[in-house]
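Here is the structure we will look at.
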Amino acid sequence: MAKSVFFFGGGSAEGDPKRRDLLGGKGAGLAEMTGLGMPVPPGFTISTEVCNAFAKTKRMPEEARGEVDAAVTRLEKAMNARLGDASAPLLVSVRSGGRASMPGMMDTILNLGLNDAVAQGLAARSGSKRFAYDAYRRFIAMHASIALGMSKEPFDRALDDARGRVAVAKGIDRTRLNAEELKRRVPDADIPAEELEALAGTFKAIVKKETGRDFPTDPREQLWQAIEAVFASWNNHRAVVYRKMHDIPDDWGTACNVQAMVFGNLGETSATGVAFTRDPSTGEKKLYGEWLPNAQGEDVVAGIRTPMPIRAQAGAKAEESLEGRMPDAYRELDRIATTLEKHF
């Protein structure tokens, strides 16, 4: 097999951005933005060819496994952190990325690399126990449902129970609220560290009960499970139906992007969001999008919290916009958007 893993980071990328057929749309974009000098977190893209090989045998080709191991070592050096090292923990995202856009059809796993020891180390390193266990409980539930094939329902139920306890402590009568109303009254950001730490334990117990096995604690095992789950998601039911609806060939495959995590849920000075260089409705050339403070990307699209506009808007509170609350970050984002407009 030809080279199948392409590293990006530090201002250079091994992959050719023009090879969407090999890198997928997301991988090609990451390579292109890295080459432009954008602040892209380092990582690597596993090619669509590996996905097609996996689809035939349900196993990762041995050559690709060797390349992935080498790329992980390179990523650890770039981040000065290591998978499974509690004193310098590296967490990664594992994302799909087909040649054609297939929004929401394939799978993603965030915060990969956590176990009990790493969660404790992350809490100490970040100075925020709440952040560390928020990331940990998210990872367990996401990895269990995507890589281990479990239902999300028991995890959602346990999270709602924790939300209910917080509501009672705040003097809110939860018996008068349905699940969606409870989420609005007690958003994830209001769940304290102690509840999140307990949730991580509850989630692991759910995995043990439902599968008969302990949740995987070895980050390398977690990584291989996640990569294979991403490749397997190319042929899940919703992806197959979507391809038929949009005339996307089945043999294109998806790439898999493994990238160092950036944490929008580290506190009120961190954030996440989605941005466009133009208004998608009108085509007007202005920065457009939504954001949330102290959140991860899944929160923007899950509908649990109401996102706020990136740009300040007439008649709206200035502090609700990224431009008003984090002006330095907004100016950097605007500069990047302008660079991308000119480049493309």
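The values are calculated or read from the model by the stated rules, or taken from the named source; none is laboratory data. Since the model is a prediction, treat every value here as computed from it, not as a measurement. Positions of Cβ are backbone-derived with ideal geometry, glycine not excepted, and every protein chain shown enters the neighbour counts. Surface areas here come from the heavy atoms of the whole protein model, side chains and all, with no ligands, DNA or RNA. Shrake-Rupley method; radii C 1.70, N 1.55, O 1.52, S 1.80 Å.
Just a few scattered comments:
- Residue in the stretch 179-186 that is modelled with pLDDT of 95 or more, over 15 Å from Met142 (Cβ atoms) and open to solvent by 40 Å² or more (accessible area, probe 1.4 Å) present: no
- Residues that are open to solvent by 80 Å² or more (accessible area, probe 1.4 Å) and closer than 19 Å to Arg184 by Cβ, drawn from the stretch 269-313: Glu290, Val301, Thr306
Here is a yes/no grid of residues against (1) on the phi > 0 side of the Ramachandran plot; (2) open to solvent by 10 Å² or more (accessible area, probe 1.4 Å); (3) in a helix (DSSP H, G or I); (4) without any contact (Cβ under 8 Å) to a residue 24 or more places away in the chain:
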position	(1), (2), (3), (4)
Ser87	no, yes, no, no
Ser93	no, no, no, no
Ile109	no, no, no, no
Ala117	no, yes, yes, no
Leu122	no, yes, yes, no
Arg125	no, yes, yes, no
Asp134	no, no, yes, no
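- The listed residues are Ala144, Ala162, and the only one of them that is at pLDDT 90 or above, over 22 Å from the mean Cα position of the chain (by Cα) and open to solvent by less than 20 Å² (accessible area, probe 1.4 Å) turns out to be Ala162.
- Residue in the stretch 72-84 that is over 19 Å from the mean Cα position of the chain (by Cα), among the basic types (Lys, Arg) and closer than 25 Å to Val118 by Cβ present: yes
- Residue satisfying all of: in the stretch 33-84; of a type in the set (Val, Ile, Thr), out of contact with any helix residue (DSSP H, G or I) (no Cβ under 8 Å at 6 or more places or on another chain) and at pLDDT 95 or above; most open to solvent (accessible area, probe 1.4 Å) among these: Thr73
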